[in-house]
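Here's the structure, in structure tokens; my notes come after.
The values are calculated or read from the model by the stated rules, or taken from the named source; none is laboratory data. Quick caveat: nothing in here was measured; it's all calculated off a predicted structure. All Cβ positions, even for glycine, are placed from backbone atoms using ideal geometry, and neighbour counts span all protein chains on display.
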Amino acid sequence: MLELVVLLNDDMTQAIEALDLTPSRTHLLWELGQRGPVTQRVLADALKVTPRAVTGLVDALADGGLVTRELHPTDRRATLVTLTTEGQRLTAKLKRDHRTLARALFAQMSWREFDSFQRGLADVIARLRAHLASTGRR
């Protein structure tokens, strides 16, 4: 299990460094790509960080031309974080790379093998989440 985690982490680190990103900035872009424009509060909850930490991440991504802040249409106190065209392009590349890796890892499996793997992995993830919750680490 540790070897799998190390290999996946190394692959992710190399890929995002090539894009001049950090893991936290990549996670924020991924969330925006999945959710569309959202408030910084939503991003903080999704990333499990403080709103102050999200402000720093959004500032850096805005400086890089990947996101913008826009007025919220119904809440004068809130702003929406939105992907720019360049941010959308980069997020689409992250998704393509994700699909490419998935194909490389699973294309040789039969549907039956993949289904069994997917169910087993879901069970392991559920048990890990329960374990972390019971130990107060998540």
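Go over the candidates Thr26, Thr50 one by one and state the one that is among the hydroxyl-bearing types (Ser, Thr, Tyr) and free of Cβ contacts under 8 Å to residues at least 24 places away in the same chain.
Result of the check over Thr26, Thr50: Thr50.
Test Leu21 against the stated conditions and say whether it is assigned to a loop (DSSP other than H, G, I, E, B), under 17 Å from the mean Cα position of the chain (by Cα), in the same structural domain as Leu94 (by TED's automatic domain parsing) and surrounded by 10 or more Cβ atoms within 10 Å (Cβ to Cβ).
Against the criterion (assigned to a loop (DSSP other than H, G, I, E, B), under 17 Å from the mean Cα position of the chain (by Cα), in the same structural domain as Leu94 (by TED's automatic domain parsing) and surrounded by 10 or more Cβ atoms within 10 Å (Cβ to Cβ)), Leu21 qualifies.
Suppose the filter is of a type in the set (A, V, I, L, M), in contact (Cβ under 8 Å) with a residue 12 or more places away in the chain and not assigned by TED's automatic domain parsing to the domain that holds Leu128; does Val6 pass it?
no
Provide a single number: the residues in segment 50-68 that are over 19 Å from the mean Cα position of the chain (by Cα) and over 16 Å from Asp20 (Cβ atoms).
Qualifying residue count for the region: 0.
Run down Gln108, Gln34, Gln40, Gln118 and say which single residue is over 21 Å from the mean Cα position of the chain (by Cα) and under 27 Å from Ile16 (Cα atoms).
Gln108
Please go through segment 1-18 and give me each residue that is surrounded by 11 or more Cβ atoms within 10 Å (Cβ to Cβ) and of a type in the set (Asp, Glu), ordered by number.
Listed by number, the residues that qualify are Asp11, Glu17.
Where residues in segment 51-102 are of a type in the set (S, T, N, Q) and touching a helix residue (DSSP H, G or I) at 6+ places or on another chain (Cβ under 8 Å), which of them is surrounded by the most Cβ atoms within 10 Å (Cβ to Cβ)?
Looking at residues that are of a type in the set (S, T, N, Q) and touching a helix residue (DSSP H, G or I) at 6+ places or on another chain (Cβ under 8 Å), I get Thr91.
Quick check, is Val42 over 30 Å from Gly120 (Cα atoms), surrounded by 12 or more Cβ atoms within 10 Å (Cβ to Cβ), in contact with a Pro (Cβ under 9 Å, 6 or more places away or on another chain) and not assigned by TED's automatic domain parsing to the domain that holds Ile125?
no
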